[in-house]
């Protein structure tokens, strides 16, 4: 069964016609430009994987969602338990089947539910991760709801910025 919901067409606003984001608009490969989190109850904004993280997001026409992110600095081959632990804390990787639907809070956005079937962090395997997508030009913004940061345990909202790969 297709899980992508084709919604939203043309919205008429005060500034004239405006297109809503549709599921087929996000299919493809995206390069991670930034990943930050704002800690709940504060103005504190922190880079999740450093100022210039490496990463790729792939959303396939078959509704597969694949994420691989790493910190840009400080990663090197590991030989000790401590070095392997440091690598684990400087990456995010997971995949699952995605369901896209209109975002009820943003008429130009999409809500993504990713049923995680494999993850770098076993706490995420078998869960459903919710994300909110918006699009401007060649850039895709993905925002989490308030969730527990998998490394720090802090409650925070993360915002990730991507550019379509060519």
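The values are calculated or read from the model by the stated rules, or taken from the named source; none is laboratory data. Worth saying up front: this structure is predicted, and the values here are computed from it rather than measured. FYI the Cβ positions are ideal-geometry reconstructions off the backbone, even for glycines, and counts take in every protein chain you see.
Would you list the strands (runs of 3 or more DSSP E) that sit entirely within the stretch 1-81 and hold 1 or more residues that are at pLDDT 95 or above?
Strands (runs of 3 or more DSSP E) meeting the threshold: 28-39, 54-59, 64-70.
Tell me which residues, restricted to the stretch 151-166, are exposed (fewer than 13 other Cβ atoms within 10 Å of the Cβ) and at pLDDT 90 or above.
165
Can we say residue 113 is modelled with pLDDT of 95 or more, touching a helix residue (DSSP H, G or I) at 6+ places or on another chain (Cβ under 7 Å) and outside any helix (DSSP H, G or I)?
No, not satisfied.
Which ones in the stretch 132-149 are surrounded by 15 or more Cβ atoms within 10 Å (Cβ to Cβ) and closer than 18 Å to residue 89 by Cα?
147, 149
Anything in the stretch 40-72 that is farther than 21 Å from residue 139 by Cβ, surrounded by 12 or more Cβ atoms within 10 Å (Cβ to Cβ) and over 17 Å from the mean Cα position of the chain (by Cα)? List them, or say none.
If the condition is that a residue be farther than 21 Å from residue 139 by Cβ, surrounded by 12 or more Cβ atoms within 10 Å (Cβ to Cβ) and over 17 Å from the mean Cα position of the chain (by Cα), then 40 is the only one that fits.
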